[in-house]
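The structure under discussion appears below in the form of structure tokens.
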């Protein structure tokens with residue numbers, strides 16, 4: 001958290017708030033947030049006197065575009081940006097401040113301190129981590145059902161683990177994987193390559209529909225997520241399965257179950273999402289009785 005819809009919402013908000021602003025100086029209060037360059041003084045110096053041209057997204061990463069530079073920012077679990085007047089008190093856990101010449105500031109706050117920032121010359125960001133080797137954007141028109149099927153057909157691991165892997169498809173995290181699998185009627189522990197053509201078509205559409213609706217709602221405010229203006233997303237009010245352990249399924253009324261798949265808490269309805277096949281050892285399958 002945040003996932004693609006939340007990062008997309010932050011991107012859209014920041015495009016309204018900071019485009020055209022000129023950076024006078026940068027304050028870094030927590031050096032480990034800055035991953036590239038590894039010298040925080042150099043990081044701050046490189047950004048001085050640059051103007052913000054726009055904000056874009058790649059998976060769960062923000063790309064803050066400047067004249068000649070790109071700042072790649074990952075919010076991780078609880079990172080957030082906000083725009084303030086310079087005279088407003090600085091809140092606790094504010095780790096990076098971009099001071100603008102117009103008397104406003106873009107402040108990065110991160111209670112968990114897991115967020116990262118990488119600074120590149122324009123165009124270099126896709127040649128190096130963390131953006132190198134990322135998978136398809138699920139809301140891009142190029143993410144067709146056929147390309148989705150080509151990814152899934154070769155994978156012999158659990159479908160949820162495949163969908164969480166950013167090297168295949170970017171931006172989908174725990175919340176939206178659970179929601180998409182529920183919408184498609186697929187158990188999170190189904191082995192990816194066993195899914196039928198019809199099941200893959202359903203899952204592809206479920207991913208696109210779930211993420212599109214979440215973006216339109218401004219994301220999900222699970223825990224502490226807010227957008228760049230301090231506003232909460234509202235998609236959490238539409239969640240059908242995630243976070244609903246022991247509550248009645250919206251479709252069949254039976255209790256929602258929770259398990260762990262790939263180290264992640266996973267919600268599903270055993271009735272609406274039958275298991276089907278499950279791996280018992282490498283290269284061997286058995287049918288659930």
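The values are calculated or read from the model by the stated rules, or taken from the named source; none is laboratory data. Bear in mind that the values here come from a model prediction, so they are computed numbers and not experimental data. Don't worry about glycine lacking a Cβ; one is built from the backbone with ideal geometry, like all the others, and counts go over all protein chains shown.
Test residue 206 against the stated conditions and say whether it is assigned to a helix (DSSP H, G or I) and without any contact (Cβ under 8 Å) to a residue 24 or more places away in the chain. It would help to see each step written out before you state the result.
Details: assigned to a helix (DSSP H, G or I): yes; without any contact (Cβ under 8 Å) to a residue 24 or more places away in the chain: no.
It is false that residue 206 is assigned to a helix (DSSP H, G or I) and without any contact (Cβ under 8 Å) to a residue 24 or more places away in the chain.
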Cβ-Cβ under 6 Å, sequence separation 6+ or interchain: first residue in the stretch 33-44 and without any contact (Cβ under 8 Å) to a residue 60 or more places away in the chain, partner crowded, with 16+ Cβ neighbours inside 10 Å. Which pairs? 40/28; 40/34; 44/26
Could you list, in sequence order, all residues of the stretch 267-289 that are touching a helix residue (DSSP H, G or I) at 6+ places or on another chain (Cβ under 6 Å) and modelled with pLDDT of 95 or more? 267
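Taking the condition in the same structural domain as residue 263 (by TED's automatic domain parsing), surrounded by fewer than 20 Cβ atoms within 10 Å (Cβ to Cβ) and under 24 Å from residue 58 (Cβ atoms), does residue 212 pass?
On the way: in the same structural domain as residue 263 (by TED's automatic domain parsing): yes; surrounded by fewer than 20 Cβ atoms within 10 Å (Cβ to Cβ): yes; under 24 Å from residue 58 (Cβ atoms): yes.
Answer is yes for this residue.
Report, by residue number, each residue of the stretch 1-29 that is out of contact with any strand residue (DSSP E or B) (no Cβ under 9 Å at 6 or more places or on another chain) and buried (at least 20 other Cβ atoms within 10 Å of the Cβ).
Across the stretch 1-29, the qualifying residue is only 9.
Within the stretch 218-247, take every residue that is surrounded by fewer than 17 Cβ atoms within 10 Å (Cβ to Cβ) and farther than 18 Å from residue 266 by Cβ and give me the one that is modelled with the lowest pLDDT.
From the stretch 218-247, those surrounded by fewer than 17 Cβ atoms within 10 Å (Cβ to Cβ) are 223-224, 229-232, 234, 237-238, 243, 245-247; that's our starting set.
Applying the additional criterion that residues be farther than 18 Å from residue 266 by Cβ yields 224, 229-232, 234, 237-238.
On the way: 224: 37, 229: 49, 230: 47, 231: 47, 232: 40, 234: 40, 237: 54, 238: 68.
In this case the residue turns out to be 224.
Please find, within the stretch 30-44, the residue that is surrounded by the fewest Cβ atoms within 10 Å (Cβ to Cβ) out of those that are out of contact with any strand residue (DSSP E or B) (no Cβ under 8 Å at 6 or more places or on another chain) and under 18 Å from residue 124 (Cβ atoms). Step through it out loud before you land on a result.
Just the residues of the stretch 30-44 that are out of contact with any strand residue (DSSP E or B) (no Cβ under 8 Å at 6 or more places or on another chain), to begin with: 31-32, 38-39, 41-42.
Okay, now just the ones that are also under 18 Å from residue 124 (Cβ atoms), so 38-39, 42.
Details: 38: 9, 39: 12, 42: 13.
Filtering the stretch 30-44 for residues that are out of contact with any strand residue (DSSP E or B) (no Cβ under 8 Å at 6 or more places or on another chain) and under 18 Å from residue 124 (Cβ atoms), the one surrounded by the fewest Cβ atoms within 10 Å (Cβ to Cβ) comes out as 38.
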Restricting attention to the stretch 260-270, report how many residues are touching a residue at least 12 places away in the same chain (Cβ under 8 Å) and loosely packed, with under 14 Cβ neighbours inside 10 Å. 1
In the stretch 21-58, how many residues are under 19 Å from residue 7 (Cβ atoms) and touching a helix residue (DSSP H, G or I) at 6+ places or on another chain (Cβ under 7 Å)? 4
List the number of the failed condition for residue 138; all other conditions in (1) farther than 26 Å from residue 64 by Cα; (2) in contact with a helix residue (DSSP H, G or I) (Cβ under 9 Å, 6 or more places away or on another chain) hold. (1)
